[in-house]
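Coordinate-derived values only; no laboratory data. Note that the coordinates shown come from a computational prediction; the quantities given were computed from them, not determined experimentally. All Cβ positions, even for glycine, are placed from backbone atoms using ideal geometry, and neighbour counts span all protein chains on display.
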Amino acid sequence: MKLRRIKEFGITQMRIILGNRFGIVGAAIIVFFCMVALLTPVIAPHQPWETLRDADTGRLAIMRPPSAQFPLGTTALGRDVLTQMIYATRTTVLIGLVSGLISILIGANIGLLSGYYGGRLDEIMMRFTDVIYGMPFLPFLIVLIALFGRSLWFVIIAICCIVWRTSARVIRAQTLSIKQRQFILAAKARGCSHFRIIYGHIMPNILPLLLLYTAFNIAWSVLAEAGASFLGFGDPDNLSWGGMLYNLWISGKIRSAWWWFAPPAVCIVLLVSALVFVSRAYEEVANPRLKQR
Amino acid sequence: MLLNIKNLKTHYRISDGVVKAVDGVSLSIGENEVFGLAGESGCGKSTLIRTIMRLTPDTAIVSADELTYNGQDLMPLSDREYRRDILWKKISLVPQSAMNSLNPVYRVGNQIAEAIRTHVDMSKSETRQRVEKLFKGVGLQPALAHNYPHEFSGGMRQRAMIAMSLALDPGLIIMDEPTTGLDVLVQERILRELKAIRKQSAASIFLITHDISVIAEMSDRIGIMYAGRIMEQADAMTVFHEPYHPYTLGLKNAFPSIKSLDRELISIPGSPPNLAEDIPGCVFAFRCPFAIDACKTQRPPDLEIKPNHFVHCIRTDHVEQFRKLAGEKKTWQSLK
């Protein structure tokens, strides 16, 4: 019974995403990157930090443009760009998914509780959200890193602390509208608990919006991570796309090594736009008027 | 008596003072009785129901000398106890605009099942059978339980809400405007359904509407509400044939009668008072053609004229004169 409902839910989501041309493209790109992230050790031709040599001459393969041996060229330290890209995809997808999902979890709950209960709780939570709105992401991350050191998890924590704020606001607004509907009063009269009303009656009604903001939050997380890593605040042990750009920048070869620059830059744009395309498919459900244009 | 209410007050706090939405209502509903409460919009009908169902917002201040169901005092119960033991098991509700009272994202049958399983332990298959039985009881095909609310017509949704209210065999069903927003044919069918339910189950019905004709057709006893108070309360026949209160007399004038179609309808001039103001006397005094000075200064008691006939008026001894004058248009126009 439970499984059937999950399956039904999945089919509905598929239909929403695949019913939109951009949604199909977005979903395809996301699936592609997820596959790469899952299969990283299998498909990567080398190790990310391995210094490589040319097959024919045996010399160190430093700054080689794309060739048969190195499809995406090599870095200033003789490392394979393709391998680094594959490993970086794993890190980026992980950070994007984890912090995107955690932040929507925080944002949705704060929005739902704040909107539903109102009064003092609403006041406290929304003023807290305002405070978070006043918090700039990078300085916050820098302080975190200065205190605890560079690590993947601090990047995730920093992103989660910041990204939830917009989803909380929007979901609160929607909750305020839904909770005034007649069927919520009817559910209260039926004796439903507050918990049941919030998660059983209000949340399903704002699900399209929730999924829209999930996609947004993941996209925002990917961008934030890329920005932070590019500035050198990423985890040095877990290479990400932003981290690759950072390495390129400090090597001083950014003007000559286009093969090193293009892949991470293009992938960041590609993944973020794919997420936006998918969220657009949800937006059309949340706001059907968009469809007619 | 099944439900006993004495001097119930529900006041809403506003920025400067209180709005006395319900101000000293007393009524009682017997077993297997239909009590019809009529009143114009904004007179406090819905607040009264919300108070009984404990659905008032936080700004409401509720007090009562007595609020009992079947002898059990309801006032000291906590919200949780109320939700668990009273709501739906003993008192259920068919909300106003039942059209919008079903959650659009769930199947109708599942929502009725939810009402059942919130309160009693019942296996899934038993619940499904119960839902099917309820659907049949209100004239809906059991297979429709798998449909979503938007696939239902207005009348079907109303039936579904009635089925839901019957789910746990409550002693009292409160129906808030059960026929409003339906066309007359569907209204007629819903009323027929309600009458059938009355025959089958022992439940009392508390029927609230501004449609006097629905009240007249269904009720054993009638209350006439105005500006948060009940003006007159008696059995159905008495209210229509021997009314005492000037407001009831005025209402009678404002209604077309099938026997005398050419009769001109006389409306009551003016509008209800602002309930945020302190009204020491009778709330109807400002619109009453028979009001004397005492009406404006002293609050009338709920006078029991005859057994079970209560009138909220101090001048009931002049009723013969009132009845005669109330039928004339100039009596009411003289007010302006």
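The table below lists the values:
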read-out: Qualifying positions in region B:1-55 - under 22 Å from A:Gln180 (Cα atoms), more than 15 Å from the chain's Cα centre (by Cα) and surrounded by 21 or more Cβ atoms within 10 Å (Cβ to Cβ); value: B:Thr10, B:His11
read-out: Some residue of region A:177-184 being buried (at least 20 other Cβ atoms within 10 Å of the Cβ) and more than 30 Å from B:Ile86 (Cβ to Cβ); value: no
read-out: Wholly enclosed helices (runs of 4 or more DSSP H) of region A:176-267 bearing at least 1 residues away from chain B (no Cβ under 14 Å) and under 28 Å from the mean Cα position of the chain (by Cα); value: A:207-230, A:241-251
read-out: So B:Gly154, is it out of contact with any His (no Cβ under 7 Å at 6 or more places or on another chain) and away from every other protein chain (no Cβ under 14 Å); value: no
read-out: Residue among B:Asp183, B:Asp121 that alone is of a type in the set (Asp, Glu), under 26 Å from the mean Cα position of the chain (by Cα) and either surrounded by fewer than 21 Cβ atoms within 10 Å (Cβ to Cβ) or more than 14 Å from chain A (Cβ to nearest Cβ) (or both); value: B:Asp183
read-out: Those residues of region A:263-285 which are surrounded by 14 or more Cβ atoms within 10 Å (Cβ to Cβ) and within 22 Å of A:Met63 (Cα to Cα), in sequence order; value: A:Pro263, A:Pro264, A:Ala265, A:Cys267
read-out: Close pairs from region B:109-120: first in a helix (DSSP H, G or I), partner among the aromatic types (Phe, Trp, Tyr), Cβ under 8 Å, at least 6 apart; value: B:Gly109/B:Phe135; B:Glu114/B:Tyr106; B:Ala115/B:Trp88; B:Thr118/B:Trp88; B:His119/B:Trp88
read-out: Near pairs, Cβ below 9 angstrom, 6+ apart or cross-chain, from region B:37-55 (assigned to a loop (DSSP other than H, G, I, E, B)) to any residue that is polar (S, T, N, Q); value: B:Gly44/B:Thr10
read-out: Residues within region B:277-300 that are in a loop (DSSP other than H, G, I, E, B) and either surrounded by 15 or more Cβ atoms within 10 Å (Cβ to Cβ) or polar (S, T, N, Q) (or both), tallied; value: 12
read-out: Some residue of region A:143-150 being part of a helix (DSSP H, G or I) and either within 14 Å of chain B (Cβ to nearest Cβ) or under 26 Å from A:Ser177 (Cα atoms) (or both); value: no
